[in-house]
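Down below is the structure, laid out as structure tokens.
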Amino acid sequence: MTARRHLLGLEGLPRTELEQLLSRAHEYREGRVGGRHLSGRVVANVFYEPSTRTRSSFEVAAAGLGAHVLNWTVTGSSASKGETLVDTAKNIAALGVSVIIVRHQHSGAAALVARSVGCSVINAGDGQHEHPSQGLLDAYTLWRRWGGVLENKRVAIVGDILHSRVARSNLHALKALGVKLVFCGPPTLLPSHLSQLGVDVTTELDVALNGADAVMMLRIQKERASEALFPSAAEYHQRWGLTTARAAALKPEAVVLHPGPVNRGLELSPEVADGQRSLILEQVENGIAVRKAVLEAVS
Amino acid sequence: MTARRHLLGLEGLPRTELEQLLSRAHEYREGRVGGRHLSGRVVANVFYEPSTRTRSSFEVAAAGLGAHVLNWTVTGSSASKGETLVDTAKNIAALGVSVIIVRHQHSGAAALVARSVGCSVINAGDGQHEHPSQGLLDAYTLWRRWGGVLENKRVAIVGDILHSRVARSNLHALKALGVKLVFCGPPTLLPSHLSQLGVDVTTELDVALNGADAVMMLRIQKERASEALFPSAAEYHQRWGLTTARAAALKPEAVVLHPGPVNRGLELSPEVADGQRSLILEQVENGIAVRKAVLEAVS
Amino acid sequence: MTARRHLLGLEGLPRTELEQLLSRAHEYREGRVGGRHLSGRVVANVFYEPSTRTRSSFEVAAAGLGAHVLNWTVTGSSASKGETLVDTAKNIAALGVSVIIVRHQHSGAAALVARSVGCSVINAGDGQHEHPSQGLLDAYTLWRRWGGVLENKRVAIVGDILHSRVARSNLHALKALGVKLVFCGPPTLLPSHLSQLGVDVTTELDVALNGADAVMMLRIQKERASEALFPSAAEYHQRWGLTTARAAALKPEAVVLHPGPVNRGLELSPEVADGQRSLILEQVENGIAVRKAVLEAVS
């Protein structure tokens, strides 16, 4: 959290701040804190891209803290009259909003909004840059599972690393928390500078999964296939999908995460998505507590 | 209400449970109960089809009971990314939602959701199967009008019976409450097995209206004409529409209902829709009280 | 405000009522009144046209007064099934709504709704007729700036007067409050009867700006160019746009208003829109207080 109290990304966030957010999220998750800290405040969801989980999760979290939630989407708004992001954000802020939660297709959009308005801004996903509340809820889900100890755990992050804002937020959070990371995906979907960041990188899924305590499967956007970035859905599943057989070969206590929505049969077999190892729905449950902690921290 | 506390349909609901719901709705309608029984709870409207009345009615009812209402529609959601109904429902439930109110174009969708999630589910219309809260509010509207006595009243249900989930819910509720039912419509729009259910069936509207204490006109979907299921709008109105002349020939105290939105001049003449016999807007008013009773019962 | 407690337009509203609304808005703006006068009530936004500012402003105002806000839009509603405005409004009113706030593309739509329903109605913009809450917030923004004295101030209203409901509401409010008005725009966009209303009219922008204490720039709808109502965006900006040079030539203390969203570089240069004279975002801030006063007055 910067002095201006935004959450734009997890890059550079000190470990102590990360741990404070996870601890506070845990208090919300366990029902140890129930105050309506945002009573009488207005929180605005400003979403330029479709979303179920993130928008609804922030709405439930903010409403649970007593805020009124203003939902703004491109459809039916003045953006359809050609208004710019900055003008829209300034106008929403002028309504007396305390926090703007923004999702936008362009990297840097949330930072641009933060520079333009006087209220707090939370990045709910900007292009291929970051999705910090997702990174936090993923980290919290592992933190909770492992009794607060992430140091030296081994986490594989698998899929379209190149285009994934979730992967970038996970990288920054988990690295700061002492996790040993290995990134895996088709060579066309692995950023070339990754290995300079002190993480392992491989194109071989079995190498990545070997010894993993957790596997984070990323969503593949099917339109990437038409960009010739990977051969076909069937071949992708075979080479980089978490098949039932691969999941069976994981360490007994290893867990599987996915930010959703899952492409069943593409990056994950349905049996694994719904199986014992899967923490996918727990990620969603934990998201409410994490976002309450984030909203409280920026307010 | 089953043990798992859903409301998926009215078929098989015991008369005592129906009467309890109507009595409780009446207490809400008369302002005898005002508690905020759902304070701190979240209720989600999950609508895959357009709706004004039903979605808004559940929203006003739930908010009146103190719940936060999460509105989810296909537009702008992860369903546009190809997520299945079950995955969407599981994710919404994982947000900590107490009740999912679902409308979907496929019969059985609400039951599928109920089997998939841990929270309560209310069917707000599934394909051509049932629309139980509409059936209850129709029954309550008559119950209120007739001072709680439905036994041996004669109710005609007229129109596209074949495709109508409202007709099916009305059938189950009113039959259980002792009403004598007659169904009427074009032969192409009358299900063949209807007469086996112990109700009268006729294609002649004047026969159906003879002696009726109430007439429920169903909405005709205009696209059915192009399926050659009835000849033309004008001919439909002439043969199966409640014209001003036909309404004038009803018993003096007979009432007219319609689930809305009305096709004026098709199934109902405008004079009848807005006339003395019409309970159409009272149905909408009663819907709030009925849905409060339903939300309370499943929570 | 009429006896039936609607706000359909500012035409004919007595000066004393206008001044009461501005004074009450000022109490809300200064935080001198904080009651939740609409607690337990439902207020419905019924918008047939896209909107960010107006819809959100009414939502924040109503929620701040404790009301539940029901948002209704054409998309995903029964209007997509062909329901008429009057039937939709009657049904929304039957849900127990206290105030319907309606925006519609046809002049007279709000009055039609007011004649059809039993609840209060606020016009949030009807075709080319009026947009009274915008007229009030514009008047309040000047009133606040000028310490409550509008008498004999000179205000220029510039742009597409012919099609502007904002210009019409401004005309009625500001004239009643003693402002000296001058209207300016291309000859094709100036209604011929304007001069009969006791206001100055000119096609020369420099004439209009001479001695102005405030300039209200109206939004140009770009599609008017294709109707041959003005030559091109560049030429419009040159002849009727508030350029940086023209703004510099205004009286030192003169202010600039715009109802938004701004077409930067068309009716206003970006430097002027974001400059010292601009009250554009303050208009948005003031809108909340003004709409609270309006909601309270009609409830």
### Query
With point charges of +1 on the Cβ of Lys and Arg and -1 on the Cβ of Asp and Glu, referenced to the Cα centre of chain C, which listed residue (C:188, C:286, C:158) lies farthest in the positive direction of the dipole?
C:286
### residue C:211 long-range amide H proximity, modeled H, under 5 Å
C:251
### Message
Treating only the Cβ of Lys, Arg, Asp and Glu as charged (+1, +1, -1, -1), what charge dipole size does chain B show about its Cα centre? Round to the nearest 20 debye.
### Response
640
### Query
Using Cα pairs under 8 angstrom and six or more residues apart, how large is the relative contact order of the range B:78-120, in percent?
43
### Summary
Expected vector for the range B:291-299, Karplus 3J(HN,Hα) from phi with 6.51, -1.76, 1.60 and θ = phi - 60°, integer Hz, x for Gly and Pro, equals 6, 4, 4, 5, 4, 5, 5, 8, 7
### Message
Need one number: nm distance between label points at residue B:238 and residue B:107, each 7 Å from Cα along Cα→Cβ, rounded to one decimal.
### Response
3.3
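To the nearest 100 Å², how much accessible surface do chains C and B hide from each other in total, with a 1.4 Å probe?
Interface area, both chains combined: 1700 Å², rounded to the nearest 100.
Cα gyration tensor of the range C:128-217, axes a ≥ b ≥ c as square roots of the eigenvalues: rounded (a/c below 1.5), prolate (a/b > b/c) or oblate? Don't skip to the end; give the middle numbers.
Numbers: a/c = 1.83, a/b = 1.29, b/c = 1.42.
Since a/c reaches 1.5 but b/c is at least a/b, the shape of the range C:128-217 is classed as oblate.
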#### Entry: Projected area, mean over directions - the range C:62-130, Cα convex hull, nm²
4.8
### Query
If one takes the longest principal axis of the Cα atoms in chain B, at what angle in degrees, from 0 to 90 and to the nearest 10, does the Cα axis of helix B:132-145 lie?
60
#### Entry: Between helix A:85-94 and chain A: long-axis angle, C-alpha atoms, 0 to 90°, nearest 10
50
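Using the C-alpha gyration tensor of the range A:132-283, what are the square roots of 5 times its eigenvalues, in whole angstrom, with the largest one first?
Values: eigenvalues 93, 64, 39 Å².
After diagonalising the Cα gyration tensor, the semi-axes are 22, 18, 14 Å.
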### Calculated [θ] (222 nm, deg cm²/dmol) that DSSP helices of n ≥ 4 give over the protein assembly as shown, each run adding -39,500 (n - 2.57)
-11500 deg cm²/dmol
### Query
Hey, got the average number of other protein chain Cβ atoms within 10 angstrom for residues in B:94-102?
4
### Query
Sorted from shortest, what are the nm distances separating the label point of residue B:211 from equivalent points in the other copies, each placed 7 Å from Cα along Cα to C-beta?
8.6, 8.6
### Query
Nearest-5 percent of antiparallel DSSP beta bridges in the protein assembly as shown?
5
### Task
Tell me the label-point distance for the pair residue A:49, residue C:115, using the 7 Å Cα-to-Cβ offset, in nm and rounded to one decimal.
5.0
### Summary
Which residues qualify? For residue A:95, with a placed amide H closer than 5 Å and at least 5 residues away or on another chain, they are none
### Message
List the lysines whose Cα sits under 26 Å from the Cα of residue B:251, skipping any in the same chain fewer than 8 residues away.
### Response
B:153, B:175, B:180
### Query
Considering amide H positions built from the backbone, and no H for Pro or chain starts, which residues 5 or more places from residue A:122, or on another chain, come under 5 Å of its amide H?
A:7, A:100, A:101, A:102
### Task
May I ask you to evaluate 6.51 cos²θ - 1.76 cosθ + 1.60, the Karplus curve with θ = phi - 60°, for each residue of the range C:146-158 and list the ³J(HN,Hα) values in order in whole Hz, giving x for glycine and proline?
9, x, x, 10, 10, 3, 6, 5, 10, 10, 9, 10, 10
### Message
I'd like the distance separating the alpha-carbon centroids of the range B:161-223 and the range A:115-158, in whole Å.
### Response
56
### Interatomic Cα distance distribution for the range B:212-299, bins of 5 angstrom, percent
3, 13, 21, 19, 15, 12, 8, 5, 2, 0
### Query
In chain A, with Lys and Arg counted as +1 and Asp and Glu as -1 at Cβ, which of these residues, A:231, A:33, A:173, has the Cα nearest the positive end of the dipole, that is, farthest along it?
A:33
### Query
Taking Cα pairs under 8 Å and at least six residues apart, what relative contact order does chain C come out at, in percent?
21
### Task
Rank A:197, A:50, A:102 by how far each Cα sits towards the positive end of the charge dipole of chain A (+1 on Lys, Arg Cβ; -1 on Asp, Glu Cβ) and give me just the farthest.
A:102
### Task
In Å³ and rounded to a whole number, note down the convex hull volume per residue for the Cα atoms of the protein assembly as shown.
190
### Task
In debye, nearest 20, what is the charge dipole magnitude of the protein assembly as shown about its Cα centre with +1 on Lys and Arg Cβ and -1 on Asp and Glu Cβ, if you could check?
1480
### Message
Quick one: 3J(HN,Hα) in Hz for the range C:277-285, Karplus 6.51/-1.76/1.60 with θ = phi - 60°, rounded, Gly and Pro as x.
### Response
6, 6, 10, 4, 6, 5, 4, 5, 4
### Message
Tell me the angle of helix B:15-29 to the major Cα principal axis of chain B, expressed in degrees between 0 and 90 and rounded to the nearest ten.
### Response
80
### Task
Specify, per residue and in Å³, the volume enclosed by the convex hull of the alpha carbon atoms belonging to chain B.
127
### Global form of the range B:1-160, assessed from the alpha-carbon gyration tensor, a/c cut-off 1.5
prolate
### Query
Taking the Cα centre of the range B:171-299 as the origin, how large is its charge dipole in debye, to the nearest 20, when only Lys and Arg (+1) and Asp and Glu (-1) carry charge on their Cβ atoms?
160
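The values are calculated or read from the model by the stated rules, or taken from the named source; none is laboratory data. Here the structure is a predicted model, which is why all the values come from computation and not from measurement. No Cβ is skipped: glycine too gets one built from the backbone with ideal geometry, and neighbour counts run over all protein chains shown. When the accessible area is computed, the model is the full protein with side chains, heavy atoms only, and any ligands, DNA or RNA have been set aside. Shrake-Rupley method; radii C 1.70, N 1.55, O 1.52, S 1.80 Å.
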